[in-house]
Number of protein chains: 6
Amino acid sequence: MRNDGRKINELRPIKMEKDYIMHPEGSVLIEVGNTKVICNASVEDRVPPFMRGQGKGWITAEYAMLPRATEKRNIRESSKGKVTGRTMEIQRLIGRALRSVVDLEGFGERTVWVDCDVIQADGGTRTASITGAFVAMTLAIGTLLEKKQIKSLPVKDYLAAASVGILSSGEAVLDLNYEEDADANVDMNIVMTGAGEFVEIQGTGEEATFSKNELFTMLDLADEGLQQLFELQKEILGELGESIGSGQVAQGEEI
Amino acid sequence: MRNDGRKINELRPIKMEKDYIMHPEGSVLIEVGNTKVICNASVEDRVPPFMRGQGKGWITAEYAMLPRATEKRNIRESSKGKVTGRTMEIQRLIGRALRSVVDLEGFGERTVWVDCDVIQADGGTRTASITGAFVAMTLAIGTLLEKKQIKSLPVKDYLAAASVGILSSGEAVLDLNYEEDADANVDMNIVMTGAGEFVEIQGTGEEATFSKNELFTMLDLADEGLQQLFELQKEILGELGESIGSGQVAQGEEI
Amino acid sequence: MRNDGRKINELRPIKMEKDYIMHPEGSVLIEVGNTKVICNASVEDRVPPFMRGQGKGWITAEYAMLPRATEKRNIRESSKGKVTGRTMEIQRLIGRALRSVVDLEGFGERTVWVDCDVIQADGGTRTASITGAFVAMTLAIGTLLEKKQIKSLPVKDYLAAASVGILSSGEAVLDLNYEEDADANVDMNIVMTGAGEFVEIQGTGEEATFSKNELFTMLDLADEGLQQLFELQKEILGELGESIGSGQVAQGEEI
Amino acid sequence: MRNDGRKINELRPIKMEKDYIMHPEGSVLIEVGNTKVICNASVEDRVPPFMRGQGKGWITAEYAMLPRATEKRNIRESSKGKVTGRTMEIQRLIGRALRSVVDLEGFGERTVWVDCDVIQADGGTRTASITGAFVAMTLAIGTLLEKKQIKSLPVKDYLAAASVGILSSGEAVLDLNYEEDADANVDMNIVMTGAGEFVEIQGTGEEATFSKNELFTMLDLADEGLQQLFELQKEILGELGESIGSGQVAQGEEI
Amino acid sequence: MRNDGRKINELRPIKMEKDYIMHPEGSVLIEVGNTKVICNASVEDRVPPFMRGQGKGWITAEYAMLPRATEKRNIRESSKGKVTGRTMEIQRLIGRALRSVVDLEGFGERTVWVDCDVIQADGGTRTASITGAFVAMTLAIGTLLEKKQIKSLPVKDYLAAASVGILSSGEAVLDLNYEEDADANVDMNIVMTGAGEFVEIQGTGEEATFSKNELFTMLDLADEGLQQLFELQKEILGELGESIGSGQVAQGEEI
Amino acid sequence: MRNDGRKINELRPIKMEKDYIMHPEGSVLIEVGNTKVICNASVEDRVPPFMRGQGKGWITAEYAMLPRATEKRNIRESSKGKVTGRTMEIQRLIGRALRSVVDLEGFGERTVWVDCDVIQADGGTRTASITGAFVAMTLAIGTLLEKKQIKSLPVKDYLAAASVGILSSGEAVLDLNYEEDADANVDMNIVMTGAGEFVEIQGTGEEATFSKNELFTMLDLADEGLQQLFELQKEILGELGESIGSGQVAQGEEI
């Protein structure tokens, strides 16, 4: 029995609210238990300098927390004058993950900025961010389709993330809340596509290590959780979601 | 008739949701039309270095916007590595305003941090921030009373802010939305106490100037709006609000 | 009787020395009592990126203090690696005020930089800066007229600033020196045009508040002081000053 | 056949030179093919603020590259005024990995700083850094033992890292050089203890994804390479290496 | 004949105005031709961390230019967020030079900050700064003597600086103005004590080199100029100057 | 007798290893006693903005130390977020010195970046850097000759640097090691060309001063050491070195 009564393979209650903020091309408020993240996707009609002239688009992400999203107030990164290593790691992860399921040649020299702002944190903010960011990004790219600026949706597959870990009790569990996360010996984040392929595996044991068997157990738990996340994403994306994976890829080949 | 059908002395619809975020000692989501600001107040058990050893508390504020709170995405201040002049002006204003209605000697060597994070912007973010920040701050200080860490509420009066301005048409209006703000020749923010005393008056005409008569008209409009804001604050603060102004001030004198 | 023997509506002795520094297009040393500010205006033949291609000019200001302009030495902002909130507020105010009396379409795609460097401080540095900056800016724009790079002087009116306040004794006074400023409950800066229109009103009561009557008393005091400042500006600008307000405004209309 | 003639499960030639730099308590130059990293471990007699008073030590790592360690010269991070996200990710990884095999309670309130400076890069700089850093750190802690400042070596096990990946040809290979790394679809770094337990798994497919079978193949390849790295570490650490894992752990229990 | 009619061994007209700014313990405006530098010396009752507990004082200098001290406006270092290499070199030089003639053990754990702010530049700003800074510093330390906080003046000798150089014509000259400086092949700054000992020699030929004979010629020219500077310093320091070199040095030995 | 047994006019053993790092166009590891500096020269096909369109090249240098190059670990400048004054002074010196012996018009609009990274420090790092940097730079420019991108070698003369100083014993010595440097009263660095002309003289006495006679003694000692350094440079540059000074200078004149 876990500290909040869940089973070891049980996700916390999840909600996604579409069009949460009015200005962005795509916007979602994702809630995973008490963790709440606003995911806003913005389309900009140019790419960063290193991408110019290649006829391809770019997707990048930024991640931040409100100072009091957490139990103890954190100093704002703008006040510190720099972004912490943790933030950089997370936003690089989110951007990389999103790019893995999008055909960058399929939406012109545009940038999609995905901002994940955690307004309330209770563990799993990076996986919630990825799951919500995918929806916000797809909605934003969908507006290009709607405005006939692109011919087909260049999103190749669904994408979601789940956390798994091994508690100090030795038990492997799915979707750790803050208290569990603080207690865990091993912490692993899995990013996966709708087709069940891995996009990222990041497993770490700060004071502990883990065996191959434990790795396999965690991968299985993650898989269970991810299937539910994909279902929820399909539901919220509705008709637009049906176009995922149907797009003509660059160079005219069907996937 | 204004661009959204309001009368010249009409506020936009206002809502405040108490305890919006779970961790802070005081938390309010304030919505003024489409402008939405999360105001979180945190109590820290120490004061900044320049205040130490005086037996007094301190109140300070920070203000920020999500990158896509606005029509066009803004670069994060953490990425720029510095806080802009506009942000600094606003957060200094909020802090100064809050301190004017609190007896700093009444809550010990503690700091109340009030974070105003704009998640959606449509004009009037600084006045909405002040109005919401007052409620969040009062709730936070109220927890000290509840935990019997202080004997009486050191909040001396209500505090709210309203914007007024003169549109390019020459008409003076209350509570400008973004479109009106962009059009206005004169922009003025008034911060006032429940007793009707001024705390701050900031009026500016970037490309235009204004006469003494126009000033008086704007002051009257602001006054009308502010009365409604005080009503709403009373309602949301409920029983705690009744203690405002009743506290024993420092040096043992009743107000 | 005030701490330096002045009457409540009496300015401190004021001097302006034209062409104080040899390189700038416009340069003034303004002394208001013991407050001394070097105001240098520089003309640059281009505008900032956000203004390009509009055929208009731009005016911007920077403000700083020598480390030992004050009683206690301050750390240089260049050593801190950032500009403080107070400095940003003041330089934004100066720039905004100057732009309000200049027809930006009247001097081509040029920038006038006005640097206000306080070499000695005794209260009222921001109002002295504005009063001196107006003269330095007008001299600098005058050199464009002299060199026949513009046809008429695009300065629409005089501009000066005065401080007023309410001392702890309850008395409203004009032009506070440092000691008075430290004592005052309310501090207000008024920026006005030669025609008597307001450009900026910034009134604040950090630990105190003020009534509408007190506001009116302060506005009247400011008005008295400002008339003397305009006289002094006229005297120092001489013949060039006579062209103020006579220029053909954009769109071919006489003012 | 790989681009440099190696077999898919073949490491590049590896050398470690002990005591490479004269000042540090532990110093190793590690060469993995053309990749060369100076690993210097320094012992400082205090811990960072967040660790003070707990009677425990701390281990932290920094990573950098000379500007021309790479084919194209990079701008120094000191000139940029900030550390990049990539650098932060790597140094956080190295520090975390080292801490996983050390009993922090076993060497007092001291910090071991491990600096990994890449002087020549040809792929695999982060895994070479970890493998070399472990040796430098162990040597540094060994000096405490020698000076009798600690009673036993608090290093619990060997630690090394290897990279594996899937080339665009679909082939899984061990220890990618720069050219292979640029070509690879999937890039994975495995950090493991001498006992064969995982410490970190970081696998990522920027433009591609990978299946569970591919994951298993890569884990096996990494395992082969890591055994060779442990052998080399044992050889270079000699007698000191024999004390690894023999130390008395905190709370007086034998491991 | 030089561009301003001077002889090769002729200094520009020099003036020093004592007590130029009212707040600092020592203040001098030094004018060397058109070069004008405000030198303010401040006494602080503590030393920097690396000097604490040694019973000695510290002397440090900062140097800056107003943005429009020069022909073309420079961006403020506070806006850039960093101090340039040129500024750092100059302020390190000034501080080092001042410390060479002061017995640091002779004024307790105090810091003398000497701020050299160039308000108008026409070549030779660093040598003018040193010559003026010495006077400001001595005045500041003199106030400690006056207030009986120290027993004798710990200034061991006079200190001044002069520039010499070799013009493109091949002629060696004393005290270069801006135009000469821009033309010169070799630029040398000499800092010397009243007793004729060298404190600093910095000679550089950016695009040219210089022979031993040219070096000797320049040293002689500098010597001529420096004698005049010492005379002027004596005159301005008056009675206080007579105590220079008379102080009892640390450990009770007469100099 | 010196602390390491050398004669007063004796250099420490010197070694230079050519092509030390594989990527740069020119690379040298220079060892002067225990001081070791990697000097890498990189050719970039463009010049900095202030040099564009002049048909000339640019040479610039950067200098850094590994954190543990020294007895006590230093904080990285990238972590501090800024380059120290000492580093800036040294890298400006190296760049200036290199430019003095190169005909900048002789290698097109290219930049040569010379990175001097001290991996082990024992005094004299800046002079070792200059001596090594000259070789690395010449090798890099030599590759342009080899690739027939320039017609002749635009290096006009050899360039090397030596340190001299006066120990607390009063003895003048050549090439100070760290211990001597810490003890010395006067520290002087001399940069000279193969033809015996001075490029830079930087002499400083932090707590002491020096006479003209002492200056002459130091200049003679430096001269002795520099002749040996030129011999070594000739040897390592071999055939390429023979082209030094033979190049046709700009404007078609033979040197």
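Just tell me how shielded A:94-106 is by partners: mean number of partner chain Cβ atoms within 10 Å of each residue's Cβ, no decimals.
For this peptide, the per-residue mean of nearby foreign Cβ atoms is 2.
In the stretch F:42-170, how many lysine pairs have Cα atoms under 25 Å apart, counting only pairs 8 or more places apart or on different chains?
Within the stretch F:42-170, the lysine pair count is 8.
So which trypsin sites (Lys or Arg not before Pro) in the stretch C:68-176 are both in a DSSP loop and have at most 15 other Cβ atoms within 10 Å of their Cβ?
C:72, C:147, C:148, C:151
Taking residue F:7 as the anchor, which lysines have their alpha carbon closer than 20 Å to its alpha carbon, excluding any fewer than eight residues away along the same chain?
Within the straight-line cut-off, residue F:7 pairs with F:15.
Find the relative contact order for chain F and round it to a whole percent, using C-alpha pairs within less than 8 Å whose residues are 6+ positions apart. Walk me through the numbers before you get to the answer.
Numbers: 549 pairs, mean separation 51.4, N = 255.
Dividing the mean separation by the residue count of chain F yields 20 percent.
Can you give the FRET efficiency to the nearest 0.05 for residue B:182 and residue A:79, using r as the Cβ-Cβ distance and R₀ = 35 Å?
0.75
Could you give the size of the charge dipole of the stretch D:101-242 about its Cα centre, using +1 on the Cβ of each K and R and -1 on the Cβ of each D and E, expressed in debye and rounded to the nearest 20?
Working: 8 positive and 27 negative charges, 172 e Å.
Approximately 820 debye in magnitude.
With charges only on Cβ, +1 for K and R and -1 for D and E, what is the dipole size of the protein assembly as shown about its Cα centre, in debye, rounded to 20?
Details: 168 positive and 246 negative charges, 1 e Å.
It comes to approximately 0 debye.
How shielded is A:59-65 by partner chains, expressed as the average number of their Cβ atoms within 10 Å of its Cβ atoms? Walk me through the numbers before you get to the answer.
Numbers: counts 0, 0, 0, 5, 0, 7, 0.
For peptide A:59-65, the averaged partner shielding equals 2.
Just for the Cα atoms in the protein assembly as shown, what are the lengths along the principal axes, largest first, rounded to whole Å?
The Cα atoms of the protein assembly as shown stretch 91, 88, 66 Å along their principal axes.
Using the 7 Å Cα-to-Cβ label point, sort the distances from residue A:48 to its equivalents in the other copies shortest first and give them in nm to one decimal.
2.5, 2.5, 2.5, 3.4, 3.6
Mind checking F:74-84 for the average number of partner chain beta-carbons within 10 Å of each residue's beta-carbon?
Across F:74-84, the average partner-chain Cβ count within 10 Å equals 6.
Quick one: which of E:224-236, F:165-177 comes out on top by average Cβ neighbours within 10 Å, and what's the full order, highest first?
F:165-177, E:224-236
Looking at the calculated P(r) for chain E, what percent of the C-alpha pair distances fall above 30 Å?
26 percent
Defining a contact as two alpha carbons under 8 Å apart and six or more residues distant in sequence, what relative contact order in percent does the stretch C:1-150 show?
Relative contact order for the stretch C:1-150 comes out at 34 percent.
What do you get for the angle between helix D:125-146 and the principal long axis of chain D? Use alpha-carbon atoms, 0 to 90 degrees, nearest ten.
Once rounded, the angle reads 10 degrees.
Going by a ≥ b ≥ c, the root eigenvalues of the Cα gyration tensor, does the stretch A:49-164 fall in the rounded group (a/c under 1.5), the prolate group (a/b larger than b/c) or the oblate group?
Because a/c hits 1.5 or more and a/b exceeds b/c, the stretch A:49-164 counts as prolate.
Helix-only estimate, please: 222 nm mean residue ellipticity of chain C, summing -39500 (n - 2.57) across DSSP H runs of length 4 or more and dividing by its residues, to the nearest 500.
-10000 deg cm²/dmol
Size of the dipole of chain E about the Cα centre, Lys and Arg at +1 and Asp and Glu at -1 on the beta carbon, nothing else charged, in debye to 20?
Numbers: 28 positive and 41 negative charges, 200 e Å.
So the dipole magnitude of chain E works out to roughly 960 debye.
Taking amide H positions as placed 1.01 Å from N in the peptide plane, with prolines and chain starts having none, which residues 5 or more places from residue C:150, or on another chain, fall under 5 Å of its amide H?
C:145
Tell me the Kirkwood radius of the stretch D:130-251: reciprocal of the mean inverse pair distance over distinct alpha-carbon atoms, in Å.
15.8 Å
Can you name the residue in chain C whose Cβ lies closest to the C-to-A rotation axis, and give that gap in whole Å?
For the rotation taking chain C to chain A, the closest Cβ gives C:81, 4.
Please work out the C-alpha center-to-center distance from the stretch A:1-28 to the stretch C:39-78 and express it in whole Å.
Cα centroid of the stretch A:1-28 versus Cα centroid of the stretch C:39-78: 48 Å apart.
Quick one: with label points 7 Å out along Cα→Cβ, list the inter-copy distances for residue F:72 in nm, shortest first?
List, nearest first: 3.0, 3.0, 4.1, 4.2, 5.1 nm.
Distance from the Cα centre of the stretch B:116-171 to that of the stretch F:207-237, in angstrom?
Comparing the Cα centres of the stretch B:116-171 and the stretch F:207-237, I get a distance of 71 Å.
FYI, it's all coordinate maths here, none of it is from the lab. Given the structure is predicted, the values throughout are model-derived calculations rather than measurements. Neighbour counts run over all protein chains shown; Cβ positions are idealised from the backbone, glycine included.
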